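Written below as structure tokens is the structure these notes are about.
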Amino acid sequence: MSERLLDVENLSVSVDGRELLHGIDLHIKEGETHVLMGPNGAGKSTLGYALMGHPRYQIDGGQILFRGKRLNEETPDKRAKEGLFLSFQSPLEVPGLPLSTFIRNALEQRRGSRIRLWDFQKELQEALNLLQMDGKYAERELNVGFSGGEKKKAEILQLLLLKPSLAILDETDSGLDVDAVRTVSRGVEAYQKSQKGALLIITHSTGILQELHVDYTHILADGRIVKTGDASLIGEISKLGFEAYTGQEKQQAAGGGV
């Protein structure tokens, strides 16, 4: 039986005194892929940042458990060492820090030991080939001068090498053309198959999902998960849009039920 990785229990989160998430419950096991969809402003990215421990996102109630360990007060670096990974919607540029150096340092922190340069370069090249990235990108400054597609590929490159237990992908397919989405999807699929890791894919489109196995789909509206289903819910959303579910949420909040 698969081990429970993440348990989010009645989680409420605020930013600058404004509550954005209201009583979120989410449970993810090893090897599962969960998709979180919803309209812009629903709170999808807020959940990702809160799970990763961004200091701006204040937990007002509930708890985050990872392998049974409470993470509410843990810093982002400690959460990363525990096995959480967040792929940013808009990756930051870091002048002066080569991409390969950043990944190698992060990998050593993750594993808790030094990595031989030869072994690292071999792993790096295999991942670069999978993502159809020129090896020269590895020596460029982290995300500096990268196109939108290259930044997203660099995020997936980190995913493939770090091999986290739970990867949170925040709008990874946003702004990508069809070919770039296909390449990124191939990288995510390789991560799916490589281990018992789990995925929480945050998106409002379906492009990145077409080649992936999805276990559960959740719809987030106005800071609440209003519906959970299997992969077929993705097709339902494509036909009906999000308005059908946001209306249900408003009725529920008003005491009218779903």
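Numbers for the structure displayed
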quantity: Wholly enclosed helices (runs of 4 or more DSSP H) of segment 134-244 bearing at least 2 residues surrounded by fewer than 20 Cβ atoms within 10 Å (Cβ to Cβ) and acidic (Asp, Glu); calculated: 178-194
quantity: All positions within segment 10-45 that are without any contact (Cβ under 8 Å) to a residue 60 or more places away in the chain, over 17 Å from ALA198 (Cβ atoms) and not in a loop (DSSP other than H, G, I, E, B); calculated: ASN10, LEU11, SER12, VAL13, SER14, VAL15, ARG18
quantity: Some residue of segment 205-212 being under 21 Å from HIS27 (Cα atoms) and at pLDDT 80 or above; calculated: yes
quantity: Candidate set: segment 24-43, residues that are surrounded by 22 or more Cβ atoms within 10 Å (Cβ to Cβ) and closer than 15 Å to SER12 by Cα; chosen: the one modelled with the highest pLDDT; calculated: ILE24
quantity: Residues that are open to solvent by less than 70 Å² (accessible area, probe 1.4 Å) and either among the charged types (D, E, K, R) or over 30 Å from SER12 (Cβ atoms) (or both), drawn from segment 90-101; calculated: VAL94, GLY96, LEU97, PRO98, LEU99, SER100, THR101
quantity: Of all residues in segment 102-121 being surrounded by 13 or more Cβ atoms within 10 Å (Cβ to Cβ) and of a type in the set (S, T, N, Q), the one that is modelled with the highest pLDDT; calculated: GLN121
quantity: Pairs with Cβ under 6 Å, 6+ apart, first in segment 139-162 and among the charged types (D, E, K, R), second in a loop (DSSP other than H, G, I, E, B) and open to solvent by less than 20 Å² (accessible area, probe 1.4 Å); calculated: LYS151/PRO91; LYS151/ASN143; LYS152/THR172; LYS153/LEU131; LYS153/MET133; GLU155/PRO91
quantity: Matching residues in segment 44-89 - criterion: being polar (S, T, N, Q) and either within 25 Å of GLU123 (Cα to Cα) or surrounded by 14 or more Cβ atoms within 10 Å (Cβ to Cβ) (or both); calculated: SER45, THR46, GLN58, SER87, GLN89
quantity: Qualifying positions in segment 122-133 - in contact (Cβ under 8 Å) with a residue 12 or more places away in the chain, part of a helix (DSSP H, G or I), open to solvent by 50 Å² or more (accessible area, probe 1.4 Å) and not hydrophobic (A, V, I, L, M, F, W, C); calculated: none
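The values are calculated or read from the model by the stated rules, or taken from the named source; none is laboratory data. As the structure is a computational prediction, the values presented were derived from the model and not from experiment. Because the Cβ atoms are built from the backbone with ideal geometry, glycine has one as well, and the counts that use them run over all protein chains shown. Only protein heavy atoms, including side chains, enter the accessible area calculation; ligands, DNA and RNA are left aside. Shrake-Rupley method; radii C 1.70, N 1.55, O 1.52, S 1.80 Å.
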